[in-house]
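Each remark here refers to the structure printed beneath this line.
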Amino acid sequence: MKKAKTARKIGAKRDLNAELLEAISDMRNGRWARKTVFTQRADGSMRRRIVLPDGTVEKDEIVPASEPARTARAGTGMSQSRFAGLIGVSVRTLQEWEQGRKRPSGPAEALLRLVAKQPQIAHVLDKKG
């Protein structure tokens, strides 16, 4: 995304509407500030890379297959709120699972493992909903 055309003074009010319109224009024209790319690995884990427009890798991490909630959502590329709505749980519950404070129940874990292995299933379900 381009930097604001005018320098901001300390304490100056921001024109959020103009900033949002500029961000939307950038997205429509294929410009982006950074992109997250997920790649499924043979062992069932996911590689998450955040790449800047110049090709610099900002972050490169492995999401282990032993964490089904993180692996499933990483594979779909969905936001927490969208993914939680799709599988029928609250965002807070999904956050608890992803941060390891709680574990999903048997059926929920089975669904998460299925989505982790076949992320395109989530997109099919999302379109039908």
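The values are calculated or read from the model by the stated rules, or taken from the named source; none is laboratory data. Bear in mind that the values here come from a model prediction, so they are computed numbers and not experimental data. A quick note on method: Cβ atoms are made from the backbone with ideal geometry, for glycine too, and the neighbour counts reach across all protein chains shown.
So, of the residues in region 1-53 that are assigned to a helix (DSSP H, G or I), small (Gly, Ala, Ser) and more than 30 Å from Arg70 (Cβ to Cβ), which turns out to be modelled with the highest pLDDT?
Checked region 1-53; the qualifying residue modelled with the highest pLDDT is Ala18.
Is it fair to say Lys127 is more than 18 Å from Phe38 (Cβ to Cβ), basic (Lys, Arg) and more than 15 Å from the chain's Cα centre (by Cα)?
Taking the combined requirement at face value, the residue satisfies it.
Report yes if some residue within region 67-78 is closer than 28 Å to Ala110 by Cβ, at pLDDT 85 or above and among the hydroxyl-bearing types (Ser, Thr, Tyr); otherwise report no.
yes
Considering only helices (runs of 4 or more DSSP H) fully contained in region 85-129, which possess at least 1 residues that are among the hydroxyl-bearing types (Ser, Thr, Tyr)? If you could, list the steps in order and put the result at the bottom.
On the way: elements: 91-98, 106-117, 120-128.
The helices (runs of 4 or more DSSP H) meeting that bar are 91-98.
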